Amino acid sequence: MLRVAVEVLQAAPVETVEVVARLCRPHGSAEADFDTVLHVKVHAIAIAKAHLKKMEATTVISALGARFDWTPARGLGAIDLDDIGLAARRAAA
């Protein structure tokens, strides 16, 4: 997720990148079978100030306010789209 944001910020003339990761449920294939599992807004200035070669990605992504639900036993779980404002944007699209 962090790498995606860094790559886009280096290639595109934008100040902020919003990264959303979706995971397909087992045996799913339709759009409705995908859950949003990760979300973060990454600002170019924050990446410029971060010491990415010295810090772990999880530390950086957490500091940037990433939203995710993960446990070692279960792995990634779906996050509430209303909490991050994606449900309203998806309905409007």
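The values are calculated or read from the model by the stated rules, or taken from the named source; none is laboratory data. Bear in mind that the values here come from a model prediction, so they are computed numbers and not experimental data. For neighbour counting, all protein chains shown are included, and Cβ atoms are generated from backbone atoms with ideal geometry for every residue, glycine included. To get the accessible areas, we keep the full protein, side chains included, count just its heavy atoms, and leave off ligands, DNA and RNA. Shrake-Rupley method; radii C 1.70, N 1.55, O 1.52, S 1.80 Å.
Things worth noting here:
- Based on Cα contacts under 8 Å between residues 6+ apart, the stretch 1-45 shows a relative contact order of 40 percent.
- The aspartates and glutamates within cross-link reach of LYS53, meaning a Cα-to-Cα straight distance under 16 Å and a gap of 8 or more places when in the same chain, are GLU7.
- Nearest-ten-degree value, helix 2-11 long axis tilted from longest Cα axis of the chain: 60 degrees
- VAL60 sits among other residues whose Cβ lies under 14 Å from its own Cβ, and their net charge, with Lys and Arg +1 and Asp and Glu -1, is +4.
- The GNM of the chain, with springs linking C-alpha atoms under 10 angstrom apart, assigns the highest mean-square fluctuation among ASP35, ASP69, ASP82 to ASP82.
- Residues whose placed amide H lies under 5 Å from that of LEU38, excluding near-sequence neighbours: ALA21
- Computed about the Cα centre, the dipole magnitude for the chain is approximately 340 debye when only Lys and Arg (+1) and Asp and Glu (-1) carry charge, each at its Cβ.
- Derived scalar couplings between HN and Hα for the stretch 30-45 equal 8, 3, 5, 8, 9, 10, 6, 10, 9, 8, 7, 9, 10, 9, 4, 5 Hz in order, rounded to whole Hz, by the Karplus curve 6.51 cos²θ - 1.76 cosθ + 1.60 (θ = phi - 60°), x for Gly and Pro.
- Å² of accessible area per residue within the chain, as computed with a 1.4 Å probe and no ligands counted: 70 Å²
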